[in-house]
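Taking it in order: structure first as structure tokens, then the write-up.
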Amino acid sequence: MSVKRTPERKKKKRRRYRLVIPGQNSTPARKNSAVRKAPARKKKRVHRHLRKEIWFVLAGIAAVLLLIYVPRIRQSNALKKLGYSKEAIAEIRKDKLADTLLENHYYSDYLQSSILDGTLNTDYLDLYTAVSSDRGLDARDFLIAGRLKDKGYEADQIQNLFKNLEWWEITPLLVFDYQPIETNYIDDVISHRDSSSRTNFVLSGTYYTPYGNTKAADSSSITMLVNKTYYLDQSYSPAGLTELSSYYAASGQQLGAEAAAAMQAWGDAGRGVNVYFYASSAYRSYESQETVYNNYVLAYGQDGADARSARPGFSEHQTGLTVDLAATGDDEGLEFKDTAAYQWTSTNSQDYGWILRYPEGKESITGYEFESWHYRYVGVEIAQAVYNSQLTYDEFWMLYLAPWESEDSKPSDAVLNAASYKVYYLGQSAEPEASASPEPSASPAAG
């Protein structure tokens, strides 16, 4: 028996009505759940790729920065290790000195202070490491260094000389022979410091070979140097020889015209203060000097003659610019060094263009014994500079007036101007030129 199914009754959808109160959300509330939002559509991300060329540029810039700053940092650290301060390193970079200082291990307190105060002369860095702040350096030292180089001294020798000696202890080397072992000279100078001074220079050794490496003197100038190195030809005779009045000289004495006028002015000035002197000997020809020298050889032997008189051709008397003085009046008959005339002439000669040529205490430099009577005319300006410098004329001439053997040794014009004898010894403004000072030897017929 089959069961007949009654068709299901369709369920009627009940419509539910919701009371809406004004001001409230009209969205039907859902049980136990927040309102679901439709998921946002994801935007497609755009991937930007840098071109290879840009990567290469950036890598290059980074490499350059590394090349610049890494060595710079290393360089700064190396300079610090040498002793330089941060401020000094900044100045060193400005002057582009870092490589030179590091390569040569140049450092000293004086070098650093000169870098900081802006007084450094970069051409002489090695000398700044050789001296203390108390010793210091100036343009005159740079001139002396140039002259030493011109004479054949190596940089390390010059540095050693400056490390151990004062400038006036170095200048005699310009007159002496080249010293291949400069330490011998340094030790000699230091060993006599108790008795040496700028006016009394004592040495035990001999550093000069008289009449060894001879050269012709420049006879065209009244400042010519004539000594045991520089000579005048046998035929040389000064132009304008003038016979001196018997009021100022012994009978028959002659000088060049300019020197003759200066002798007269000098003699008149002495008489104005009751000092009386005259030229007992003036110009001598080559032949006359030969006779004088040979007489000394007979009396004292070769070495004794060379200490007291010049060989023919090497005598200043042949220049027509030199006199041997004698006193008159109350001092007549006394050795000239003991007279009032000597006291006055030795301190006033420079104002009339004359210098005491072979000073006492400088025999080791001039090669002559003290000659209180022997004066040389060089002109007022040079004479005053020589007197003020306290150098012998040999040193002065070699330092300021000698021609340069090599242009490579010659300092810059700025140094030459600043080192000029006019600046140091005459108190004038910086210009190029130079001069020095002397004193005497023994027996009126000598040099």
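The values are calculated or read from the model by the stated rules, or taken from the named source; none is laboratory data. Small disclaimer: the values here were computed from a predicted structure and weren't measured. In this analysis, Cβ positions are derived from the backbone assuming ideal geometry, glycine residues included, and neighbour counts consider all displayed protein chains. Note: areas computed on protein heavy atoms with side chains; ligands, DNA, RNA excluded. Shrake-Rupley method; radii C 1.70, N 1.55, O 1.52, S 1.80 Å.
At-a-glance table
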quantity: Positive dipole terminus of the stretch 73-121, leading residue within Ile73, Gln112, Ile89 (C-beta point charges); calculated: Ile73
quantity: Extension gain (nm, one decimal) between Ala250 and Asp233, 0.36 nm per residue minus Cα-Cα; calculated: 3.5 nm
quantity: Mean accessible surface per residue for the stretch 281-326, computed with a 1.4 Å probe while every protein chain stays in place, in Å²; calculated: 35 Å²
quantity: Where labels lie 7 Å past Cα in the beta-carbon direction, separation of Ser133 and Glu290 in nm; calculated: 6.3 nm
quantity: Accessible solvent surface per residue of the stretch 98-163, calculated while the other protein chains remain in place, 1.4 angstrom probe, Å²; calculated: 44 Å²
quantity: Label-point separation in nm, Asp268 to Asn200, each point 7 Å along Cα→Cβ; calculated: 3.9 nm
quantity: Total charge dipole magnitude, the stretch 340-416, about the Cα centre, Cβ charges on Lys, Arg, Asp, Glu only, Debye to nearest 20; calculated: 260 debye
quantity: Part-to-part distance (alpha-carbon centres) for the stretch 233-283 and the stretch 96-162, which is given in Å; calculated: 47 Å
quantity: Carbon and sulfur %, accessible surface of the stretch 106-210 computed with the full protein complex present, 1.4 Å; calculated: 44 percent
quantity: Over the stretch 297-430, relative contact order from alpha-carbon pairs under 8 Å, at least 6 apart, %; calculated: 19 percent
quantity: Mean Cβ neighbour count within 10 Å, used as a protection proxy, ranking 88-95, 305-312 highest first; calculated: 305-312, 88-95
quantity: Per-peptide average of other Cβ atoms within 10 Å, ordering 155-161, 340-346 highest first; calculated: 340-346, 155-161
quantity: Accessible surface of the stretch 328-440 [probe 1.4 Å, protein heavy atoms]: carbon and sulfur percent; calculated: 43 percent
quantity: Sum of side-chain charges, Tyr300 neighbourhood, beta-carbon under 14 Å (Lys, Arg +1; Asp, Glu -1); calculated: -1
quantity: Highest to lowest packing among 206-215, 145-154, 111-120, 386-395, scored as the average C-beta count within 10 Å; calculated: 386-395, 145-154, 111-120, 206-215
quantity: Debye, to nearest 20: dipole size of the stretch 316-384, +1 on Lys, Arg Cβ, -1 on Asp, Glu Cβ; calculated: 300 debye
quantity: Residue-count net charge about Ile158 - beta-carbon cut-off 9 Å; Lys, Arg +1, Asp, Glu -1; calculated: -3
quantity: Per-pair calculated FRET efficiency, R0 = 30 Å: Ile181 and Thr214 via Cβ, rounded to 0.05; calculated: 0.80
quantity: Members of Lys215/Lys410; Lys215/Lys422; Lys228/Lys337; Lys94/Lys422; Lys151/Lys337; Lys149/Lys215 lying beyond 31 Å, as alpha-carbon distances in this model show; calculated: Lys94/Lys422; Lys151/Lys337
quantity: Whole-number percent relative contact order across the stretch 111-229, with pairs defined as alpha carbons under 8 Å at least 6 apart; calculated: 17 percent
quantity: Cβ-based net charge around Arg74, under 15 Å, with every Lys or Arg adding one and every Asp or Glu removing one; calculated: +2
